[in-house]
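For reference, the structure discussed in these notes is given below.
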Amino acid sequence: MTTFPLEISNLSFAYPSGPEVLQGVTLSLAAGERIGLAGGNGSGKTTLLHCVVGLLRPSGGMIRAFGRECRSEPDFRALRRRVGLVFQDADDQLFCPTVLEDVAFGPKNLGQSAEEAASNARNTLDRLGLAGLENRVTYRLSGGEKRLVSLAAVLAMQPDVLLLDEPAAGLDEGSKQRVREILLGLPQAMVVISHETGFIDGLAQRVAVLRDGRILPENPSPGTPSPRGQSSLRAPKPCENGKWA
């Protein structure tokens with residue numbers, strides 16, 4: 001029997017005094033798979049990722065990570081050691097005085113010594129082409145640099161799964177391409193939220209579209225081979241402006 005790194009089954013969630021944002025969402029992520037998660041503003045994409053890592057608690061349904069169902073905070077703490085979330089706003093993730101301290105923060109929390117964490121952070125920055133930024137003041141970085149440093153901060157913890165919330169938002173075309181190439185070179189399974197079809201095409205192996213709190217039938221992203229052999233299918237069409245409705 002196949003064990004998926006991440007399984008979401010019939011998940012529901014509502015904010016206090018509000019309607020249900022998620023209504024029976026079901027999604028499975030296979031090892032090494034890259035899923036694009038699309039949908040209009042307010043469709044619940046960020047909410048879904050926050051539920052997955054335990055920042056929000058669903059009102060119903062199931063989250064299973066690496067064969068283990070997650071119900072309590074200890075379950076989600078164990079999940080967060082293996083599932084890394086890159087926030088939509090890098091300023092929500094970067095809070096240390098320097099880049100090196102930000103990237104080393106996670107490994108230190110996982111029990112590495114200060115020396116091990118710093119070495120890990122430097123190696124991760126080097127792999128992402130960010131060597132030389134170690135002593136830069138984080139809040140003075142450009143938008144593209146902040147996004148890459150926030151990715152480095154998660155990768156330094158060596159997760160098995162990446163959850164990325166709009167990693168290309170607000171970036172120029174050169175920076176978008178750089179982020180896309182980095183993600184394509186990573187071995188981790190990942191769920192990537194993006195409004196932009198041009199960023200998802202060729203990166204995601206399939207696209208799941210959230211609409212009215214539910215996920216539409218999942219289809220491969222055009223032009224990218226699917227691990228499930230469904231290359232004849234196409235993702236739902238985006239709006240004319242190149243963004244998902």
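Since every read-out is calculated from the coordinates, none of them should be taken as a lab result. The model shown is predicted, which means the values in this text are computed figures rather than measured ones. Neighbour counts run over all protein chains shown; Cβ positions are idealised from the backbone, glycine included.
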**Q.** Additional length obtainable on full extension of the chain from PHE95 to GLU173, 0.36 nm per residue less Cα span
**A.** 25.4 nm
Q. Of SER9, ALA204, LEU94, whose Cα points farthest to the positive end of the dipole of the chain (charges on the beta-carbon: +1 Lys, Arg; -1 Asp, Glu; origin at the Cα centre)?
A. SER9
Q: Show that you can apply the helix-only estimate: for the chain, add -39,500 (n - 2.57) for every DSSP H stretch of four or more residues, divide by all residues, and state [θ] at 222 nm to the nearest 500.
A: -8500 deg cm²/dmol
Q) Which of the chymotrypsin sites (Phe, Trp or Tyr not before Pro) found in region 77-133 are loop residues per DSSP with 15 or fewer other Cβ atoms within 10 Å of their Cβ? A) PHE95
Q. What ranking do 193-204, 116-127 get when scored by the average of other Cβ atoms within 10 Å per residue, highest first?
A. 193-204, 116-127
Q) Total Lys pairs in the chain closer than 19 Å by alpha-carbon, pairs eight or more apart in sequence or interchain only? A) 4
Q: Would you kindly compute the Cα radius of gyration of region 88-158 and its largest Cα-Cα separation (Dmax), both in Å?
A: 10.6, 31
**Q.** Crossing angle, helix 114-127 versus the chain [Cα axis fit, 0-90 degrees, rounded to tens]
**A.** 60 degrees
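Report the net charge of residues surrounding LYS108, where surrounding means a beta-carbon distance below 13 angstrom and charges are Lys +1, Arg +1, Asp -1, Glu -1.
Here the charged neighbours net out to -4.
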**Q.** Highest-first arrangement of 3-14, 151-162, where packing means the average Cβ count within 10 Å
**A.** 151-162, 3-14
**Q.** For region 1-130, projected area of the alpha-carbon convex hull averaged over all directions, nm²
**A.** 10.0 nm²
Q | Gap separating the Cα centres of region 37-105 and region 161-177, nearest whole Å | A | 17 Å
Q.
Neighbour counts of other C-beta atoms within 10 Å: give me CYS96, CYS70, CYS51 arranged from fewest to most.
A. CYS96, CYS70, CYS51
